[in-house]
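Asks: Have a look at this one.
Just so it is clear, none of the values below were taken in a lab; they were calculated from the coordinates. Quantities reported herein were computed from a predicted structural model and do not represent experimental measurements. Please note: Cβ atoms are built from the backbone with ideal geometry, for glycine as well, and neighbour counts cover all protein chains shown.
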Amino acid sequence: QQHQLPASILAAKSKASSNGHAPLAAPLTSLLGAWATFKFAPIRESTVSRAMTRRYFADLDAYAEADIVIVGAGSCGLSCAYTLGKLRPDLRIAMVEAGVAPGGGAWLGGQLFSAMVMRKPADVFLSEVGVPYEDEGDYVVVKHAALFTSTVLSKVLAMDNIKLFNATTVEDLITRQIEGEEGVRIAGVVTNWTLVSMHHDDQSCMDPNTINAPLVISTTGHDGPFGAFSVKRLVSMKQLEQLGGMRGLDMQSAEDAIVKNTREIVPGLIVGGMELSEIDGANRMGPTFGAMALSGVKAAEEALKVFDL
Ligand code: AHZ
């Protein structure tokens, strides 16, 4: 039986057909209206299991030897991955993110507000990635931080040479003694499922896994329950004397400092984003994200220097 549609829906329908909206792709339009006879293609449960596990374990196998590991998939880590993945599709890049949801603090612009502010010249990164923004003179505004994060994320995930291992924590760094010197070179990361790593105190026999890589880029954010992971580990393994500790908020100076100081901290370990503020005793910038994007770009550039290319 046909129901009479409310006038508001009829009005919206006639508006839609007259305002030149983009048509849906033909295969989808052929589904519409055919719901009575609708049926999915057949499946068996084991097929789904194998479709997932075969690929995941093939990735674990392939990425056990990576060219670069990026730790943390926040705004800095994702910007770095985008830049590296695009410049060097020949490099195998593993991203390890402790959270189930990649993106770090970049799903909101600040507090619980949607819009994301980036100071110029970070707008060039937005244009490169294809994120629309409003130009406000010295700064630009993306209408929702999630639009930035989801756009960069979707481009990174589509790259053939990048694998994101989310819900996976970097628990330690692989180190090699540098011959004839006191210091070590970082040679990869030690990983575990995040849920496992959260239970080391009440469960036994949960030894970790590893990824070897000649270069690690750490972008784990400032200190917190998860943050500043690699730099804190450098202190506990006596490769850094102490951390400077992130200082109070000074938007004007903080962003320049983070981008300028994005660098290789010990051989084989580049640090970018807010994790850097903990080493250098740099100010925080609060809710402006330009430095995170450009620190990611600079970390990628530093990485390519290490690869001597
Ligand atoms: O889950 C963390 C987050 O997604 C992840 N992470 C941390 N420790 C990890 C570990 N293994 C794997 N051991 C780990 N992943 O790293 C990501 C960090 O993202 P973030 O958004 O916290 O850091 P960011 O440096 O990319 O961006 C900082 C954004 C900030 S903080 C700030 C202020 O406080 O003033 N201002 C800005 C713009």
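Asks: Would you mind checking the tilt of helix 290-306 against the longest principal axis of the Cα atoms of the chain, expressed as 0 to 90 degrees and rounded to 10?
Replies: The helix 290-306 is inclined about 60 degrees to the chain.
Asks: I want the antiparallel fraction of DSSP beta bridges within the chain, as a percent rounded to 5.
Replies: Antiparallel bridges: around 55 percent, rounded to the nearest 5.
Asks: Right, here's the next one. Based on other C-beta atoms within 10 Å, arrange Thr169, Thr175 from fewest to most.
Replies: If I rank by nearby Cβ atoms, fewest first, I get Thr175, Thr169.
Asks: So if we plug the beta-carbon distance of Lys238 and Lys305 into 1/(1 + (r/R0)^6) with R0 = 22 Å, what FRET efficiency do we get, rounded to 0.05?
Replies: It comes out at approximately 0.25.
Asks: Separate question: Can you pull out the GluC sites (Glu not before Pro) in the range 171-247 that DSSP calls coil and that have at most 11 other Cβ atoms within 10 Å?
Replies: Glu179, Glu181, Glu182, Glu241
Asks: Would you mind calculating the gained length between Leu32 and Ser49 on full extension (0.36 nm times residue separation, minus the Cα-Cα distance), in nm to one decimal?
Replies: Stretched fully, the Leu32-Ser49 segment lengthens by 3.1 nm.
Asks: Here's another thing I want to ask about it. For the chain, what relative contact order do you get, as a whole percent, if you take Cα pairs closer than 8 Å and at least 6 residues apart? Could you put the intermediate results ahead of the total?
Replies: Values: 577 pairs, mean separation 60.7, N = 309.
RCO, the chain: 20 percent.
Asks: In what sequence do Phe307, Phe57 fall when counting other Cβ within 10 Å, fewest first?
Replies: Phe57, Phe307
Asks: Angle between the Cα long axis of helix 45-63 and the longest principal axis of the chain, 0 to 90 degrees, nearest 10?
Replies: It works out to around 30 degrees.
Asks: Which net charge results when you count Lys and Arg as +1 and Asp and Glu as -1 among the other residues whose beta-carbon is under 13 Å from that of Lys86?
Replies: -2
Asks: For a quick check: sort Val100, Val142 by the number of other beta carbons within 10 angstrom, fewest at the front.
Replies: The most exposed by this proxy come first: Val100, Val142.
Asks: Under a Cβ-only charge scheme (Lys and Arg +1, Asp and Glu -1), can you give me the dipole magnitude of the range 8-153 about the Cα centre, in debye to the nearest 20?
Replies: Here the range 8-153 has a charge dipole of around 720 debye.
Asks: On C-alpha positions alone, give me the angle between the axis of helix 145-158 and the longest principal axis of the chain, in degrees, nearest 10.
Replies: For 145-158 against the chain, the angle is about 80 degrees.
Asks: Something else about it: Pulled fully out, how much extra length does the chain show between Leu112 and Arg247, if you take 0.36 nm times their separation in residues and subtract their Cα-Cα distance?
Replies: Value of the extension gain: 46.3 nm.
Asks: Treating only the Cβ atoms of Lys and Arg (+1) and Asp and Glu (-1) as charged, compute the dipole magnitude of the range 171-238 about its Cα centre; round to the nearest 20 debye.
Replies: Computed about the Cα centre, the dipole is about 200 debye.
Asks: Taking the Cα centre of the chain as the origin, how large is its charge dipole in debye, to the nearest 20, when only Lys and Arg (+1) and Asp and Glu (-1) carry charge on their Cβ atoms?
Replies: 1340
Asks: Could you calculate the FRET efficiency of Gln4 with His144 from 1/(1 + (r/R0)^6), where r is the beta carbon distance between them and R0 is 30 Å, rounded to 0.05?
Replies: With a Förster radius of 30 Å, E is 0.25.
Asks: Calculated from DSSP H runs of 4 or more alone, at -39500 (n - 2.57) each and per residue, what is the 222 nm mean residue ellipticity of the chain, nearest 500?
Replies: Here the helix-only value at 222 nm equals -11000 deg cm²/dmol.
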